[in-house]
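Data first, discussion second: the structure below is written as structure tokens.
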Amino acid sequence: MTLMIEWEKRWQDGDTGWDHGAPSPPLVEFLEKERVEGRVIVPGCGSGHDVRALAKGGAEVVGLDLAPSALVKARRFAPVGRERYEEGNWLAPGPEEKDRYDWVVEHTCFCAIDPSEREAYIEAVDVALRPGGRFLGVFFLNPQSLHGPPFGVTEAALDGFFSRFELLRKWSPTRAYPGREGREQVRLYYKSL
């Protein structure tokens with residue numbers, strides 16, 4: 001089964017336990033203190049809750065997802081700013097994506113993909129993010145499922161995966177979805193000029 005068909009089936013079947021009906025609490029916490037401006041992409045955006053949270057602050061936000069049904073759901077919400085949704089595979093960016101974004105904002109995509117695809121994920125960040133851009137990631141360190149998705153990741157693995165970027169800071173968020181308290185880490189990276 002191809003990746004797109006797998007995720008589309010999950011959306012059609014309502015097998016979307018990761019969709020809590022609201023933006024990521026750590027993202028909301030971050031946005032209360034800092035602005036995300038310019039062109040932003042949210043890979044694996046699902047029904048677009050994080051996209052809308054970012055667009056409310058004035059950013060031009062693209063929500064990208066493989067599953068057409070996820071995007072249908074996202075587009076049912078009234079626009080709040082300059083957001084739009086595109087169907088596509090984050091792991092296979094086209095040449096038009098080169099240096100296109102000021103920010104990449106991650107919440108559920110990295111932990112949802114098979115761990116064997118994580119290098120392709122990092123490469124996509126590097127392609128899409130312009131020099132001087134930032135990557136904000138909310139990472140699920142230790143999900144209860146051993147087989148995923150979601151697939152957990154260690155802090156050491158994150159250090160290795162994102163070593164091509166400058167780590168500005170990392171922290172444990174004070175807000176989380178129920179059951180994720182103390183199990184997430186937020187990281188802010190910078191792509192050198």
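Any read-out appearing in this document is the output of simple, stated calculations on the displayed coordinates, not a laboratory observation. Everything numeric here is computed off the predicted structure, so don't read it as measured data. For neighbour counting, all protein chains shown are included, and Cβ atoms are generated from backbone atoms with ideal geometry for every residue, glycine included.
Measuring against 23 Å, Cα to Cα, the residue pairs Lys33/Lys170; Lys33/Lys56; Lys56/Lys98; Lys9/Lys73; Lys98/Lys191; Lys33/Lys191 contain Lys56/Lys98 as the ones spanning a longer distance. Rounded to two decimals, the Cα-based Rg/Rh of region 109-193, with Kirkwood Rh, is 0.97. Multiplying the residue separation of Arg76 and Asn89 by 0.36 nm and subtracting their alpha-carbon distance yields 2.5 nm. Sites listed here are trypsin sites (Lys or Arg not before Pro) in region 54-90 whose DSSP assignment is loop and whose Cβ has at most 13 other Cβ atoms within 10 Å: Arg76. Taken one residue at a time, the phi angles of region 70-75 give Karplus couplings (6.51, -1.76, 1.60, θ = phi - 60°) of 5, 5, 4, 5, 4, 6 Hz. Gly and Pro are set to x. What separates the Cα centres of region 17-39 and region 148-175 is a distance of 17 Å. Each Lys or Arg adds one and each Asp or Glu subtracts one; over the other residues with Cβ under 12 Å from the Cβ of Ala92, this totals -3. A simple packing score, the average count of other Cβ atoms within 10 Å per residue, orders the peptides 95-104, 131-140, 117-126 as 131-140, 117-126, 95-104, with the highest score first.
For Gly57, no residue whose modelled amide H falls within less than 5 Å of its own remains once neighbours fewer than 5 places apart on the same chain are excluded. Over region 1-157, the Kirkwood radius and the radius of gyration, each from Cα atoms, give a ratio Rg/Rh of 0.93.
Within region 133-185, the GluC sites (Glu not before Pro) that combine a DSSP coil assignment with at most 16 other C-beta atoms in a 10 angstrom radius are Glu181.
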